[in-house]
Amino acid sequence: MKQVFKRPQALSDTVMHYCPGCTHGIVHRLVAEAIDELGILDRTIGVASVGCSVLAYEYFECDFQEAAHGRAPAVATGIKRVLPDRVVFTYQGDGDLASIGTAEIIHAATRGEKITVIFINNAIYGMTGGQMAPTTLLGQKTTTTPRGRLAEYHGQPIRICEMIKELDGAAYVTRVASNSPRNIAVAKRAIRKAFQVQLLGLGLSLVEVLSTCPTNWGLTPVESMKWLEEKMMPHYPLGEFKSPGEVK
Amino acid sequence: MLGELLLMKGNEAVAEAAIRAGCRHFFGYPITPQNELPEYMARRLPEVGGVFVQAESEVAAINMVYGAAGAGARVMTSSSSPGISLKQEGISYLAASELPCLIVNMMRGGPGLGGIQPAQSDYFQATKGGGHGDYHLIVFGPESVQEMVDLTPLAFDLADRYRNPAMILGDGILGQMMEPVELSEMLDVQLPPKEWATTGRSGGRRHVVSSLYLDSSELEKLNKRLQDKYLEIMRTEQRWESLDVEGAEVVLVAYGTTARVVKSAMNLAREEGIRVGLIRPITLWPFPTKAFESLEDVGRFLVVEMSSGQMVEDVRLVVNGRWPVSFYGRTGGVVPDPKDILARIRELARGGGTR
Ligand SMILES: Cc1ncc(C[n+]2csc(CCOP(=O)(O)OP(=O)(O)O)c2C)c(N)n1
Ligand code: SF4
C-alpha cells in the first residue's frame, strides 16, 4: 500500500498542545513540509516567539532559539549574520510581530535580512487569554474590547503585508489563509517560496497566514473557519503583495 | 606578551581589544559617551571579516546578541546607562539561556535621561542582576584604559567558560580618555567548542536555546544550576587590588575612575602622615569579599563612589559591623575632588564622622 500521509521529517513526533481547531498545527506542518522538500533540515534554525507557538521548538526537528516577546526578527538577524549560509526563520503571532515587535520586523525588513518570517494573524492574543491584538477587527469582542473594537477608541486593525511590502529590503510578501484545502495548498507553496527567496539571498520574505483561535473567538472549529473567511478576509485580502521574478 | 604601544581613546581601545580577542560580531545603538566604540567597530570589523550591525534600538541590539551568541559567536554590544536599562530583558534571557557575550556599559549620570557626564550609578543594576529573575553577570570595573583592554579578553573567556554574560562597567571618563595602551597582537583565537550552539543540527542532533520552563520544578532546577555556577564564580573569580591595607587608619574602597581619584587623595593624606590603604575591586561581581576577610589591623573604611552609595552596601555586608564604614559620593556626573576626599579622610583619621 502506498503511504499518502506521513509526518514530515522536519516535524517531531511530540503531541502538539494546540486547542482543537487551532490552525497553528497546520502551519507548523506546512513549514516542516517545505523544509523537507528543500532538503534544508540540517541547516535550518527556527526562532520561536512568545505566544501560543512559544513551544514550536518542541515540534520541529531543526535547531531552534526561543526569543523574547516581539524580538524574533532581531534574534534571527543575530543568527543569520553569524551563519549566513544557514536558513533562518521566525514563527510569530500577531501580538508578537504586529504590536510589541513592530520595530524589529520593520527594521529587519528594511535591512533586507535574509530571513523568512511566518506571521500568524489570528486577530487576537491567544496565549494570554483573548485580549485585543493590533489585528483585531472593528466590532470584534475581546476581553479588552468587551463592547467590540471601536476605531476612534482602540484604533484601526493593522495590515502588516501592506506595510512591509513598501520596504525595499522585503523581497517576498504574501498573505495566505489556513481555512480550506485550496487555501492551505496555496499557503504551502507560499511558505516554500519564502524559503527559496531566502536561499537565493534576495531579502526578507514574509508569509502572513490568516489563522483561527476558536478558543478565544468563542466559536467552534467549523464556525471559526467561516468567521475567518467572512470577517477576516475582507479586511485582510489574500494574495502576493510583492514577489521577486527569480522564484516562481 | 608581545604587543604594541598605542595612544587610544578608551572606547576605541576596548573595541580593538575585543577584536584581537576574537570578537567578530557587534550589535549596538548610538548613545553618548560610548559612540566611539560602535564607530570603531563599524570601521574595523569588516576589515577582519566581521560584522557590525547598527540596530534599531538597544532592545533589538541585545536580542541580536542573543541570536549570535546562541549561534556560537564571540559577540558583544555596548551602550551607556539608559540604553543598558533597555537591554535588561534581553540580558535576563541571555543569563537564563546561559549564553556567553560581552556587554560594555560606559556609565553616565542618571536617573532618567540624566546627563552625559561620567557616573557609577548603575552599580546595583550591573551587579545585582538588573533585569527580572535571579541571575548575575560577571562584572569588571577597570580603572584605566590599559586595564579595560586587559580585562576584555578575560571577560570573553570567563563568559565562555561559565556560559554567562559578562559586563565591563566603565564610565564616560574611561570611554573618552586617551591613554597609551599596550595591545596584544592579533591572535588566532581558538574559541572553545560550543556543542550546544544552534548551528544546524551539528553532530546530527537538534539544539535548542530557550529560557522557558513551564514546569516549576524544572525552572527551580535551572535556578539551582545557575546558583551553583554563581557560587563557583564567587569562589574562583574574585579580583581586586589591595594597597597598604594592614595598619591603615582609613581603608578606602573605590573602583574604576573613582579609584584613580582616591589614589591621588591617598598621596595627599600620606603627606600629612595619615596611614591610608585601598581596596579596589576589579570584579564588581563577584564582589571581592576575600579582600576583606583576613583583615585585622584596620581603623575604619571609607567608600567613595560616583553615586549616592551603591557599592557601599556590599562593603557593609562583608565588613559586617567589624569596623565603621563611611561613604562619600558625588552624583550627576560630578567627579569627586581629591581634596574633598582628603577632607573626609582627615575627619575619619581623627575618629570623627560616620556617613
Ligand atoms: C515582554 C512581555 N510582555 C508580555 C508578555 C505576555 N504575552 C505572552 S504571549 C502574548 C501575546 C501573544 O499573542 P500573539 O502574538 O497574537 O500569539 P498567539 O498566542 O495568538 O498565538 C503576551 C502579551 C510577555 N511574555 N512578555
Ligand atoms: S488559544 Fe487560540 S491560538 Fe492558542 S492554541 Fe488555542 S486556539 Fe490556538
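The values are calculated or read from the model by the stated rules, or taken from the named source; none is laboratory data. Note that the structure is predicted; figures quoted are calculated from it, not measured. Using ideal geometry, Cβ is built from the backbone for each residue, glycine included, and neighbour counts are taken over all protein chains shown. All accessible areas refer to the heavy atoms of the entire protein, side chains included, with ligands and DNA or RNA removed. Shrake-Rupley method; radii C 1.70, N 1.55, O 1.52, S 1.80 Å.
Observations, loosely collected:
- Shielded residues, region B:29-67 - accessible-area loss of 50 Å² or more between chain alone and all protein chains, probe 1.4 Å: B:GLU56, B:ASN63, B:MET64
- Measuring nothing but alpha carbons in region B:290-355 and taking Rh as the Kirkwood radius, the Rg to Rh ratio lands at 0.97.
- Taking label points 7 Å from Cα along the Cα-to-Cβ direction, A:ASP42 and A:THR102 give a separation of 4.3 nm.
- Radius ratio Rg over Rh of region B:240-349, counting only Cα atoms, Kirkwood formula for Rh: 0.92
- Computed lengthening from B:LYS339 to B:GLU232, 0.36 nm per intervening residue step minus Cα-Cα distance: 34.5 nm
- A 1.4 Å probe, protein heavy atoms only, puts the accessible area of A:CYS213 near 10 Å².
- Residue-by-residue Karplus 3J(HN,Hα) for region B:300-305, coefficients 6.51, -1.76, 1.60, Hz, glycine and proline x: 6, 10, 10, 9, 10, 9
- The GluC sites (Glu not before Pro) of region B:226-304 meeting both criteria, a DSSP state outside H, G, I, E and B (loop) and at most 12 other C-beta atoms within 10 angstrom of the site's C-beta, are B:GLU272, B:GLU296.
- In region B:87-127, burial by the other protein chains removes 20 Å² or more of 1.4 Å probe accessible surface, compared with the chain on its own, from B:GLU89, B:TYR93.
- Inter-site label distance for A:THR144 and B:LEU191 at 7 Å from Cα along Cβ, in nm: 3.8 nm
- For region B:238-286 and region A:42-113, distance of Cα centres in Å: 48 Å
- With Cα atoms as the point set, region A:122-188 shows a radius of gyration and Dmax of 14.6, 39 Å.
- Solution diffusion estimate, µm²/s, Stokes-Einstein, the protein assembly as shown, Kirkwood Rh from C-alpha pairs, 37 °C, viscosity 0.692 mPa s: 127 µm²/s
- Applying Stokes-Einstein at 25 °C and 0.890 mPa s to the Kirkwood radius of region A:24-242, computed over alpha-carbon pairs, gives a translational diffusion coefficient of 144 µm² s⁻¹.
- The mean sequence separation of alpha-carbon pairs under 8 Å and at least six residues apart, normalised by the residue count of chain B, gives a relative contact order of 18 percent.
- Loss of accessible area when B meets A, both sides summed, Å² nearest 100, probe 1.4 Å: 2500 Å²
- Calculated accessible area for region B:240-349 comes out at 38 Å² per residue, all protein chains present (probe 1.4 Å; ligands, DNA, RNA ignored).
- Occluded residues from region A:78-99, i.e. those whose accessible area drops by 50 Å² or more once the chain is not alone (1.4 Å probe): A:ARG81, A:VAL82
- Between B:ARG260, B:ARG206, B:ARG20, the GNM of chain B built on Cα springs shorter than 10 angstrom shows B:ARG206 fluctuating the most.
- Structural size metrics of region A:174-247, computed from C-alpha coordinates, are Rg and Dmax of 14.0, 43 Å.
- Gap separating the Cα centres of region A:125-162 and region A:168-183, nearest whole Å: 21 Å
- When the C-alpha to C-alpha distance is required to be over 24 Å, the pairs from B:LYS221/B:LYS290; B:LYS194/B:LYS290; B:LYS194/B:LYS224 that qualify are B:LYS221/B:LYS290; B:LYS194/B:LYS290.
- Taking chain B as a Gaussian network of alpha-carbon nodes connected by springs under 10 Å, the highest mean-square fluctuation of the residues B:VAL253, B:VAL48, B:VAL75 belongs to B:VAL48.
- Counting only Cβ charges, +1 for Lys and Arg and -1 for Asp and Glu, the dipole size of region A:12-127 around its Cα centre is about 440 debye.
- Taking the accessible area of the protein assembly as shown, probe 1.4 Å, and keeping the other protein chains in place, the carbon and sulfur fraction comes to 53%.
- For the residues A:GLY101, A:GLY218, A:GLY93, a GNM of chain A with alpha-carbon springs under 10 Å puts the largest fluctuation on A:GLY218.
- Note, ³J(HN,Hα) from phi for region A:239-248, Karplus 6.51, -1.76, 1.60, rounded to Hz, x at Gly and Pro: x, 7, 8, 7, 8, x, x, 5, 10, 7
- Neighbour cut-off at most 14 other Cβ (10 Å), DSSP loop, chymotrypsin sites (Phe, Trp or Tyr not before Pro), region B:211-286: B:TYR213
- DSSP bridge orientation in the protein assembly as shown - percent antiparallel, rounded to nearest 5: 25 percent
- Taken per residue, the accessible surface of region B:2-236 reaches 36 Å², heavy atoms only and a 1.4 Å probe.
- Of all aspartates and glutamates in the structure, those lying under 17 Å Cα to Cα from B:LYS339, and not within fewer than 8 positions of it along the same chain, are B:GLU271, B:GLU272, B:GLU305, B:GLU347.
- Ranking by accessible area, most exposed first, for B:ARG300, A:ARG182 with a 1.4 Å probe: A:ARG182, B:ARG300
- Solvent exposure of region A:95-156, expressed per residue, is 39 Å² of accessible area, with all protein chains present and a 1.4 angstrom probe.
- Taking 26 Å as the straight-line reach from the Cα of A:LYS242, the lysines in range (excluding those fewer than 8 positions away in the same chain) are A:LYS80, A:LYS114, A:LYS165, A:LYS188, A:LYS193, A:LYS231.
- Legend: translational diffusion of chain B by Stokes-Einstein, Rh = Kirkwood radius over C-alpha pairs, 25 °C, 0.890 mPa s; D = 118 µm²/s.
- Relative contact order of chain A, pairs being alpha-carbon contacts under 8 Å that are 6 or more residues apart, as %: 19 percent
- 222 nm mean residue ellipticity, helices alone, for chain B (DSSP H n ≥ 4; -39,500 (n - 2.57); rounded to 500): -11500 deg cm²/dmol
- Beta bridges from DSSP with both residues in chain B: antiparallel share about 30 percent, rounded to the nearest 5.
- Among beta bridges from DSSP that stay inside region B:240-349, the antiparallel ones total about 25%.
- B:THR32-A:ARG7 FRET efficiency (beta carbon distance; Förster radius 41 Å; 0.05 resolution): 0.15
- A straight chain from B:GLU4 to B:ASN223 at 0.36 nm per residue would run longer than the Cα-Cα distance by 74.5 nm.
- Cleavage-rule hits, trypsin sites (Lys or Arg not before Pro), region A:87-174, DSSP coil, Cβ neighbours within 10 Å at most 12: A:ARG147
- Over chain A, DSSP H runs of length four or greater, each weighted -39,500 (n - 2.57), average out per residue to a 222 nm ellipticity of -8500 deg cm²/dmol.
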